[in-house]
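Presented below is the structure to which this report refers.
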Amino acid sequence: MSIREETRKMKQIAPLLAGTEHGVRIDALRRVKEALLAGREEIFAANKRDLERAEENRLSDAVKKRLKFDEGKLQDVCAGIDQLVSLKDPVGEVTLERKLDSDLVLRRVTVPLGVLGVIFEARPDALVQIASLCVKSGNCAVLKGGSETRDTNAVLFEKIYKAVTAAGLPEGCLLQADTHGEIDELLACEGEVDLIIPRGSNAFVRYIMEHTKIPVMGHADGICHTYIDGAADMEKVVPLVLDAKLQYTAACNATETILIDKAYPKKAVDELFEALKQNSIRLHGDEAASELTGDGIENAALTKEAVAMLEPLGEDGYGHEYLEPELSVRFVDGVEEAVSHINRYGSHHTDCIITEDAAAADYFLKYVDSAGVYQNASTRFADGFRYGFGAEVGISTGKLHARGPVGLFGLCTYKYTLVGNGNIVGDYASGKRQFHFQDL
């Protein structure tokens, strides 16, 4: 059966899934967790085959980090499921209740989006997170993971699907797309699929947007910044920068550029660069950064040894996502220039200021145009699990519908219900009856 035929069936199933009781969806999630834990050896064996194939194909270290699914990743996805189970039902929440007249009541009620097409990178844990979120939020979904993880994804999907249908969710509520060609089939399913969520490279996301009429939600690059203000607490700088860069270099919320206020003390800059050197982080800067030698700028200069660490920027300049132990470096004249740089070169994902100056922090938090803007916290916190969302289908850098980590409520929309007693508009138009708006 083609993807078009499958999604047409799924469109009919979607209202049935949306109408399931919360308890049924909770039971489905618990069964998923049990199935994953019970099938860990089969899952790990499949992942080993994927990793061996990645070695044979000489895939990058960043890709191999993403596709590895071990005991740690299994425990992480299970913790995410537990968190989802503990969260309130996102479906059926009344967000507005207004009496238009004594016998005419308007309500705005949350409902699932319907049928989602989620195309994601080579990360098996992403399949578990996305499927779990769709189950909890009552959404049907077509899932297409990276071919690099085909064996792991096949085993994971089989266990998830058997678990949710055994719990009573409708047959066909989840579908795994296997081949690359099915992506184009999925993109052509206008009318059957309500939303496409792509996760991958800038070029990939752009391709998706240009080849479908279905609404697309997501982000491409994760060019995140950490700005070290002149009033930064030196005790916080090194741990924050190292965590933001190294805690997981292949993540979209890893910092890719550090901006340093020229007022930040020279001694502290030297200490930072030494820490970066000790952690084998390659640094890239433009000519202006390389000219900041010991005789250059008072209080904010780099030593010649530090300057020697700076390699030239690549073709993308400051708009590059490394996903490796590498950073771009630029020195700026205060918070306003830092914000200007971020809004020009950033990807509107997540950016941080390190400072103890309340005015500088307020300016940064107010004027940086990103989905996540932090003070004195690692950019790696931009994550649905760490936000308490249970998990995420991805990060949205757009401004319509959902922004930042897209969790349960990002997968819901709403509808209006109106309950009357034979009310007709003609009575109100003629003046026979009047509206009496009253929020309940």
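The values are calculated or read from the model by the stated rules, or taken from the named source; none is laboratory data. Keep in mind the model is a prediction, meaning the values are calculated, not measured. Cβ coordinates were reconstructed from backbone atoms using ideal geometry, including for glycine residues, and neighbour counts include every protein chain displayed.
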ask   = Got at least one residue in segment 79-102 being part of a strand (DSSP E or B), touching a His at 6+ places or on another chain (Cβ under 6 Å) and touching a residue at least 60 places away in the same chain (Cβ under 8 Å)?
value = yes
query = Going by the conditions given, is A244 crowded, with 24+ Cβ neighbours inside 10 Å, modelled with pLDDT of 95 or more and under 20 Å from A338 (Cβ atoms)?
reply = yes
Candidates L74, L59, L51, filtered to the one that is in a loop (DSSP other than H, G, I, E, B), out of contact with any Pro (no Cβ under 7 Å at 6 or more places or on another chain) and assigned by TED's automatic domain parsing to the domain that holds G117 = L59
ask   = Tell me, which residue of segment 187-208 that is of a type in the set (A, V, I, L, M), under 28 Å from N253 (Cα atoms) and surrounded by 16 or more Cβ atoms within 10 Å (Cβ to Cβ) is modelled with the lowest pLDDT?
value = V205
task = Could you list all residues from segment 424-440 that are among the aliphatic types (A, V, I, L, M), surrounded by fewer than 10 Cβ atoms within 10 Å (Cβ to Cβ) and under 26 Å from T95 (Cβ atoms)?
result = V425
key: Pair list, Cβ under 8 Å, 6 or more apart: segment 172-183 residue assigned by TED's automatic domain parsing to the domain that holds G117 and within 10 Å of I3 (Cβ to Cβ), other residue surrounded by 14 or more Cβ atoms within 10 Å (Cβ to Cβ) and among the polar types (S, T, N, Q)   = L175/T7
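For (1) in the same structural domain as G200 (by TED's automatic domain parsing); (2) surrounded by 18 or more Cβ atoms within 10 Å (Cβ to Cβ); (3) part of a helix (DSSP H, G or I); (4) within 11 Å of the chain's Cα centre (by Cα), each residue gets a yes or a no:
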{"site": "S347", "(1), (2), (3), (4)": "no, yes, no, no"}
{"site": "D351", "(1), (2), (3), (4)": "no, yes, no, no"}
{"site": "A359", "(1), (2), (3), (4)": "no, no, yes, no"}
{"site": "Y363", "(1), (2), (3), (4)": "no, yes, yes, no"}
{"site": "S370", "(1), (2), (3), (4)": "no, yes, no, no"}
{"site": "A391", "(1), (2), (3), (4)": "no, yes, no, yes"}
{"site": "K399", "(1), (2), (3), (4)": "no, no, no, no"}
task = Mind counting the residues in segment 53-71 that are touching a Ser or Thr at 6+ places or on another chain (Cβ under 6 Å) and of a type in the set (S, T, Y)?
result = 0
ask   = All but one of (1) within 22 Å of the chain's Cα centre (by Cα); (2) part of a helix (DSSP H, G or I) hold for A429; which doesn't?
value = (1)
query = Out of segment 407-423, which residues are surrounded by 11 or more Cβ atoms within 10 Å (Cβ to Cβ) and under 23 Å from V135 (Cα atoms)?
reply = G407, L408, F409, G410, L411, C412, T413, Y414
message = Taking the condition of being modelled with pLDDT of 90 or more and either farther than 27 Å from V329 by Cα or surrounded by fewer than 16 Cβ atoms within 10 Å (Cβ to Cβ) (or both), how many residues in segment 211-241 meet it?
response = 11
ask   = Going through segment 373-388 one residue at a time, which ones are over 21 Å from D233 (Cα atoms) and touching a residue at least 40 places away in the same chain (Cβ under 8 Å)?
value = A382, D383, G384, F385, G388
